[in-house]
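The values are calculated or read from the model by the stated rules, or taken from the named source; none is laboratory data. Because the structure is a prediction, the values reported are computed rather than measured. Cβ coordinates were reconstructed from backbone atoms using ideal geometry, including for glycine residues, and neighbour counts include every protein chain displayed. Areas reflect the complete protein model, heavy atoms only, side chains present, ligands, DNA and RNA absent. Shrake-Rupley method; radii C 1.70, N 1.55, O 1.52, S 1.80 Å.
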Amino acid sequence: MAKLSELIDRIDEEAKAGNRKKALLMIDKLMEKVPDNDALLARREKYQKEYEYETRIEALEKKYGIS
């Protein structure tokens, strides 16, 4: 099994590539194995906010026809 730091790096790479939903899913899976990890909780909160902003922006662009 990969080290926790390697898995976190992989999650960060996914988020930087714009795949925040996948990064959140990866964090959720990892948190099942490593519950109450402060670093994971902080990343999850950060990526969740970014994902919400991203979906709001996409919804507004769709609503107003801006692409």
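In segment 53-67, which residue that is part of a loop (DSSP other than H, G, I, E, B) and touching a helix residue (DSSP H, G or I) at 6+ places or on another chain (Cβ under 9 Å) is nearest to ILE8 (Cα to Cα)? Ranking the qualifying residues of segment 53-67, first place goes to SER67. Taken over segment 27-49, the residue count meeting the criterion of being in contact (Cβ under 8 Å) with a residue 12 or more places away in the chain and under 8 Å from the mean Cα position of the chain (by Cα) is 5.
From the list ILE27, ILE57, which residue is open to solvent by less than 100 Å² (accessible area, probe 1.4 Å), among the hydrophobic types (A, V, I, L, M, F, W, C) and touching a Leu at 6+ places or on another chain (Cβ under 7 Å)?
Values: ILE57 fails: touching a Leu at 6+ places or on another chain (Cβ under 7 Å).
Every option except ILE27 fails the conditions.
If the condition is being surrounded by 15 or more Cβ atoms within 10 Å (Cβ to Cβ) and among the hydrophobic types (A, V, I, L, M, F, W, C), then segment 8-24 contributes ILE8, ILE11, ALA15, ALA23, LEU24. Checked against the criterion of being in a helix (DSSP H, G or I) and open to solvent by 60 Å² or more (accessible area, probe 1.4 Å), the candidates GLU32, GLU50 yield just one match: GLU32. If the condition is being open to solvent by 100 Å² or more (accessible area, probe 1.4 Å) and not in a helix (DSSP H, G or I), then segment 35-47 contributes only ASP36.
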